[in-house]
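Okay, so here's the structure we're looking at.
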Amino acid sequence: MIIVTRSGISDDQLGDLVAHIERAGLRAHVSRGEQRTIVGCIGDERAIAEAGLSALPGVERTMPVMKPYKLASREFAVSHTQIRLDDADETVIGGQEIVVIGGPCSVEGREMLHETAHAVKAAGARMLRGGAFKPRSSPYAFQGLGEPALKLLAEVRAETGLPIVTEALDPRHVEMVAQYADVLQIGARNMQNYALLSEVGRTQRPVLLKRGLSGTITELLMSAEYIMAQGNSNVILCERGIRTYETATRNTLDIAAIPVLKGETHLPVFVDPSHAGGRASLVAPLAMAAIAAGADGLIIEVHPSPANARSDGDQSLEPSAFAALMKQAALFAHAAGRTIHAGATRHTVQV
Ligand code: PEP
Ligand code: MN
């Protein structure tokens, strides 16, 4: 249930309203806008109906939320969610700027991580990605370096100032990964691992939630709801391609999912063109399509020597190709009414 409050509701009235909701055994979620404040109310539907919310002082009207996702639904917030990683960092996820995350598929060692981090930063990336725990189709393939990789990521963050995005694969590792990561990644294969979703929901770290290989848009939003229901509302959705009958690409990038999600939810929507295309040559075109369709950010795999990468070399960009992509992305961002960070190499947008 959404409660639209009267404009000019006093803090006391708002406090009474929230207290009333909580006394009825329900949860209140306040979203303040410049014009209006709305209060989302979640819990047992009968208890909501019996709480007599529309008659309370300061309430203008109430509206049921018909969608199965509540906290994640567009109606539950007056404006799009913006996420800041920390007070010292100027990056705003879900704002005007298209935020780009670059880095290797997996952390393979100190040297390659340093080299990649400096290169992506110079090209304008705002965050560094790198897997310490890798979800691999084969149990015999490289599984990631584990905690030593997290330590390397922290070391490189200290050196470059780039916040870290890294995957948590197992609920038992969440606490440890959250000590190092600025953003916890939930991989496509784990989109419906509800124990893992709840566990990251109990942290206050922003979560990059990838769409499952066969996950519908509604299922993706329900997975975001699992995280948010635990109290963590900093969720970034990520379209990374779905499995279809097409075999020419690793996955099929569902471009339409971007505007659909932007209409359904207030959460930021990112796109991973690397895992969608599966080949380096497809990454830039898919990234441009994502920007044109309204993506709030991109996550891109970059490796200093893709041919020697221990995972996802085929789709990893060399640093020079990543820098070229960023230049092109600046033009598309401009056309879409957005900005992109230029890094050390200035992108001049000429129209
Ligand atoms: C990754 O980001 O390296 C990864 C494993 O992605 P996904 O979960 O989307 O396959
Ligand atoms: Mn990968």
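Cβ-Cβ distance below 9 Å, separation of 6 or more or different chains: which pairs start in segment 23-36 with a residue that is under 18 Å from ALA72 (Cβ atoms) and end on one that is among the charged types (D, E, K, R) and open to solvent by less than 60 Å² (accessible area, probe 1.4 Å)? Once the first residue is under 18 Å from ALA72 (Cβ atoms) and sits in segment 23-36, its partners that are among the charged types (D, E, K, R) and open to solvent by less than 60 Å² (accessible area, probe 1.4 Å) give HIS29/LYS70.
Identify the residue in segment 131-149 that is free of Cβ contacts under 8 Å to residues at least 40 places away in the same chain and away from ligand 1 (no atom under 12 Å from the Cβ) and, among all such residues, is most open to solvent (accessible area, probe 1.4 Å). In this case the residue turns out to be TYR140. Considering only segment 41-73, how many residues are within 22 Å of the chain's Cα centre (by Cα) and of a type in the set (Gly, Ala, Ser)? Adding up the residues that qualify gives 2.
Conditions tested, residue by residue: (1) among the β-branched types (Val, Ile, Thr); (2) over 18 Å from ARG110 (Cβ atoms).
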residue	(1), (2)
GLY146	no, no
ALA149	no, no
VAL156	yes, no
GLU159	no, no
ASP170	no, yes
MET176	no, yes
ARG189	no, yes
TYR194	no, yes
LEU208	no, yes
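Scanning segment 153-191 for residues that are of a type in the set (S, T, N, Q) and surrounded by fewer than 21 Cβ atoms within 10 Å (Cβ to Cβ) turns up THR160, GLN179. Here segment 263-279 is the region considered, the condition is being touching a Gly at 6+ places or on another chain (Cβ under 9 Å) and without any contact (Cβ under 8 Å) to a residue 60 or more places away in the chain, and the residue that is farthest from GLU75 (Cα to Cα) is GLY278. In segment 192-220, of all residues being within 14 Å of ligand 1 (Cβ to nearest atom) and open to solvent by 60 Å² or more (accessible area, probe 1.4 Å), the one that is farthest from LEU237 (Cα to Cα) corresponds to SER214.
Among the residues of segment 96-107, are any touching a Pro at 6+ places or on another chain (Cβ under 6 Å) and in the same structural domain as THR166 (by TED's automatic domain parsing)? Looking for residues that are touching a Pro at 6+ places or on another chain (Cβ under 6 Å) and in the same structural domain as THR166 (by TED's automatic domain parsing), one finds none in segment 96-107, hence no. Cβ separations smaller than 8 Å between residues 6+ apart or across chains give the following pairs from segment 43-56 residues that are open to solvent by 40 Å² or more (accessible area, probe 1.4 Å) and part of a helix (DSSP H, G or I) to residues that are hydroxyl-bearing (Ser, Thr, Tyr) and at pLDDT 90 or above: SER54/THR62.
Pairing residues of segment 242-259 that are basic (Lys, Arg) with residues that are assigned to a strand (DSSP E or B), at Cβ distances under 9 Å and at least 6 apart in sequence or on separate chains, gives ARG243/THR252. Looking only at segment 57-95, which residues are under 22 Å from ARG338 (Cα atoms), open to solvent by less than 20 Å² (accessible area, probe 1.4 Å) and touching an Asp or Glu at 6+ places or on another chain (Cβ under 9 Å)? Of everything in segment 57-95, those that are under 22 Å from ARG338 (Cα atoms), open to solvent by less than 20 Å² (accessible area, probe 1.4 Å) and touching an Asp or Glu at 6+ places or on another chain (Cβ under 9 Å) turn out to be THR91, ILE93, GLY94, GLY95. Have a look at ALA178, ALA224 and point out the one that is of a type in the set (A, V, I, L, M), under 29 Å from MET66 (Cβ atoms), touching a strand residue (DSSP E or B) at 6+ places or on another chain (Cβ under 8 Å) and not in a loop (DSSP other than H, G, I, E, B). The conditions single out ALA224. The residues in segment 83-130 that are part of a loop (DSSP other than H, G, I, E, B) and either in contact (Cβ under 8 Å) with a residue 12 or more places away in the chain or within 20 Å of ALA329 (Cβ to Cβ) (or both) can be counted, and the count is 17.
The values are calculated or read from the model by the stated rules, or taken from the named source; none is laboratory data. Quick caveat, the model's predicted, so the values are computed rather than measured. A quick note on method: Cβ atoms are made from the backbone with ideal geometry, for glycine too, and the neighbour counts reach across all protein chains shown. The area values use the complete protein model at the heavy-atom level, side chains included, leaving out ligands, DNA and RNA. Shrake-Rupley method; radii C 1.70, N 1.55, O 1.52, S 1.80 Å.
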